[in-house]
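Notes to accompany the following structure.
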Amino acid sequence: MCNVYRPLGLQGVLSTRLKEAGFTEVRSWDPDCVANHNFRDWANSDILVNGTAFPVSLNLEAVK
């Protein structure tokens, strides 16, 4: 899936803030590739803009 947030720098900013809050690892999380997420919700939904689908959620996973 295309990460539309990467050009905005949001992933880096949020990763930095999470690490400052004590998380040791921050990584992208894909709800379509994990066994415990076998349902549709906003984590894997898109919004349609002028016929183009954009992901709604940034989907980061942080480990403390």
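Side notes on the structure shown:
- Cα lying deepest toward the dipole's positive end in region 6-63, options Trp29, Gly51, Gln11, charges on Cβ: Gln11
- Fully extending the segment from Thr24 to Ala53 would add 7.2 nm, taking 0.36 nm per residue of separation and subtracting the current Cα-Cα distance.
- The chain - percent relative contact order, Cα under 8 Å, separation 6 or more: 39
- 0 to 90° range, to nearest 10: angle between helix 10-20 axis and the chain longest Cα axis: 30
- Cα-based Kirkwood hydrodynamic radius, region 6-63, one decimal, Å: 12.9
None of the figures in this text is laboratory data; all of them are computed from the coordinates on show. Just so it is clear, the structure is predicted and the values come from calculations on it, not from any experiment. Every residue, glycine among them, receives a Cβ derived from its backbone with ideal geometry; neighbour counts consider all protein chains shown.
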